[in-house]
Amino acid sequence: MSELPTPTEIRSEQLLSIQSYLLAEEAQHPHASGRFTWILSAISLATKFIAARCRRARIEGVLGSMDTENVQGEVQQKLDVIANETLISCLGSRAGLAIVASEENDEPIMLHADNSSERPYIALFDPLDGSSNLDTCGTVGTIFSILEHDRRSNSPEEALRQSGTKQVAAGYVLYGPSTVMVLTHGKGVQMFVLDPTIGSFLLVEKNLRIPAAAKTYSMNEAYSNEFALGYKNYLKWAHENGYSTRYAGAMVADVHRVMIKGGVFLYPPTAKAPVGKLRLMYEANPMAMLVEQAGGKSFSGMTRTLEIQPDSLHQRTSVVMGSPDEVDHVMRHLEENPPE
Ligand code: P6P
């Protein structure tokens, strides 16, 4: 077994907190206002708080569901509401944000109607993705996307209608055996791990690259009878070519595995979700930006996910995302039988 590094051997960059990383990045842009850094710092604070609440959920009696449904018609878990309120509270007090939008809120929240210039950003998030895993101590996560705010927009809805290519930053925080933040602001993918002993996210990987190939697919095969022929043909091909399957039922967990080990994550259209289940603006788009920035690919049907022009905040989509070679295997089968 290789020798563990003694404290004196720990390299200096292992002690680079996310705040130090963001300030160092900001320093490279002399005209930077610092508002972008301030927004990401708010997400860091909120997700540290959410991580702590998830770890103590059963002790604090906040597991289980509310007697309410969100705009998606999904029963809200108590921690969905806590995570949502935490993010809105932390982000809402930060200069630089004009609008926040959440999976848990029907309408976007205008933070300042004056449309003033110093609020150049929009934050969108799924506060606790996969929250149904909580009761069984499964992995859950927060997914976020940052867009620029065009002050000329006539309404928040219009301001939000931007394709994924317009994102200026995207990321997720995975609440698992450790709390991991994976972030991109368009210059590759950075990974941070929360050190709970000091309460800081520490940089552990600067330019994360997704493996080009790996014989693993991640999807809910229970729906496979409902899949379009192209997806069925891909599954048959994978079964005949020695693939294994991994599926956590939480997008953050499944995509994080693909980011680290390679493979492909798919959520095809089903009878219950004819255009796909995942939300374009705050699940598929941020994940697609991260995957592409790490060297992977992401499609929704036959369209590059990031190029979909959204019609509404909560619209859903199908996804095929992951290692470039593995996405190619899926797309080859879809090209032979394109889904409607
Ligand atoms: P299914 C969680 O509810 C979620 O939105 C994603 O995180 C996850 O990938 C998907 O739904 C799981 O859906 O139908 O397999 O339970």
**Selected residue (criterion: surrounded by the most Cβ atoms within 10 Å (Cβ to Cβ)) from residues of region 69-101 that are under 19 Å from Trp38 (Cβ atoms) and in contact with a Leu (Cβ under 8 Å, 6 or more places away or on another chain)** = Ala98
**Residues satisfying the stated conditions in region 144-162, i.e. in contact with a helix residue (DSSP H, G or I) (Cβ under 8 Å, 6 or more places away or on another chain) and open to solvent by less than 10 Å² (accessible area, probe 1.4 Å)** = Phe144, Ser145, Ile146, Leu147, Leu160
**Test set (1) assigned to a helix (DSSP H, G or I); (2) within 16 Å of the ligand (Cβ to nearest atom); (3) among the aliphatic types (A, V, I, L, M) - Leu266 fails condition number** = (1)
**Condition check for Ala222: within 14 Å of the ligand (Cβ to nearest atom) and out of contact with any Phe, Trp or Tyr (no Cβ under 9 Å at 6 or more places or on another chain)** = yes
**Request:** Tell me, please, whether a residue that is surrounded by fewer than 21 Cβ atoms within 10 Å (Cβ to Cβ), part of a strand (DSSP E or B) and in contact (Cβ under 8 Å) with a residue 24 or more places away in the chain can be found in region 235-256.
**Result:** yes
**Message:** If Thr216 satisfies all but one of (1) open to solvent by less than 50 Å² (accessible area, probe 1.4 Å); (2) under 26 Å from Thr47 (Cβ atoms); (3) away from the ligand (no atom under 12 Å from the Cβ), what's the number of the condition it fails?
**Reply:** (2)
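The values are calculated or read from the model by the stated rules, or taken from the named source; none is laboratory data. Computed from a predicted model, the values in this text were never measured in an experiment. Because the Cβ atoms are built from the backbone with ideal geometry, glycine has one as well, and the counts that use them run over all protein chains shown. Just so you know, the surface numbers come from the protein's heavy atoms only, side chains and all, with ligands and any DNA or RNA stripped out. Shrake-Rupley method; radii C 1.70, N 1.55, O 1.52, S 1.80 Å.
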